[in-house]
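Take a look at the structure set out below.
Every number in this text was worked out from the coordinates using simple rules, so none of it is lab data. Computed from a predicted model, the values in this text were never measured in an experiment. Counting neighbours? That spans all protein chains shown, and the Cβs are built from the backbone with ideal geometry, glycine included.
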């Protein structure tokens, strides 16, 4: 059963250095399990600033993916609140959640999620078509984001003609297409070799620095964790560590 929580708009300042983009308040997500209840996220209150790379780490089953799905509006909390750039998304109906996901969030998944029969250009166009972006503007934006991830010369290639790292870069370009405020990535280097994974990590860092978006990344990868501005550690759905770095 879903419960609401009394919430107030977060202060637009996080830790004294950057405005807050995301805030969770006493967040709980429970699932039925074998006649009982499994608590995937428990009483979790965190803030994510604008223009920062934040890594969520923890063992499998710690609640990382559940937290990303809640922040991204792909799942709803059992109780607690989620605030994202002016919207309490935990209180929105499905139509407004679709709007927030379309306009404010870009998603990157471990398995890339590209449509096999479409070229890189056509894959990146998908969210722009869903947003009814005019054709000329759409073409310009696709060219811009493929260039941003270094794939301008591979625009006409289909996924099977691209390496794993190139496919993930297309997925990142697609996530950037609608100018999101927040990039959510779940184990984005999990399917890649060490060298390619490092390239993707460095790309994510550069995008945060150059475009001003925030990225929240669930990862086990120590190199990406070392590059993050902020590291949040979960264990059994609970916050056990939250630390800032000197990066940036």
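From the alpha carbon centroid of segment 112-184 to that of segment 58-76 is 25 Å. Taking the DSSP bridge list for segment 141-248 and keeping only pairs wholly inside it, about 55 percent are antiparallel. Roughly what angle does helix 94-104 make with the longest principal axis of the chain, taking Cα atoms, 0 to 90 degrees, to the nearest 10? Compared with the principal axis, the helix lies near 60 degrees.
Mean silhouette area of segment 69-186, derived from the convex hull of its C-alpha atoms and averaged over all directions, reads 7.6 nm². Here 99, 195, 29, 174 are placed in order of increasing Cβ neighbour count within 10 Å, fewest first, which gives 195, 99, 29, 174. Note: relative contact order over the chain, using C-alpha pairs below 8 Å and six or more positions apart, is 26 percent.
Among 163, 42, 243, 90, the ranking by other beta carbons within 10 Å of each residue's beta carbon, starting with the fewest, stands as 243, 163, 42, 90. Its residue count N sets the reference 2.2 N^0.38 Å, and the alpha-carbon radius of gyration of segment 110-248 equals 1.09 times that reference. Counting neighbouring beta carbons within 10 Å and listing from fewest to most, the residues 166, 210 come out as 210, 166. Relative to the longest principal axis of the Cα atoms of the chain, the long axis of helix 135-148 lies at roughly 80 degrees. The eigenvalues of the Cα gyration tensor, multiplied by 5 and square-rooted, give the chain an equivalent ellipsoid with semi-axes of 29, 20, 18 Å from largest to smallest.
Of all DSSP bridge pairs formed entirely within segment 20-244, close to 55 percent run antiparallel. Over the chain, with a Gaussian network built from C-alpha contacts below 10 Å, which listed residue (102, 129, 235) shows the highest mean-square fluctuation? Of 102, 129, 235, the most mobile in the Gaussian network model is 129.
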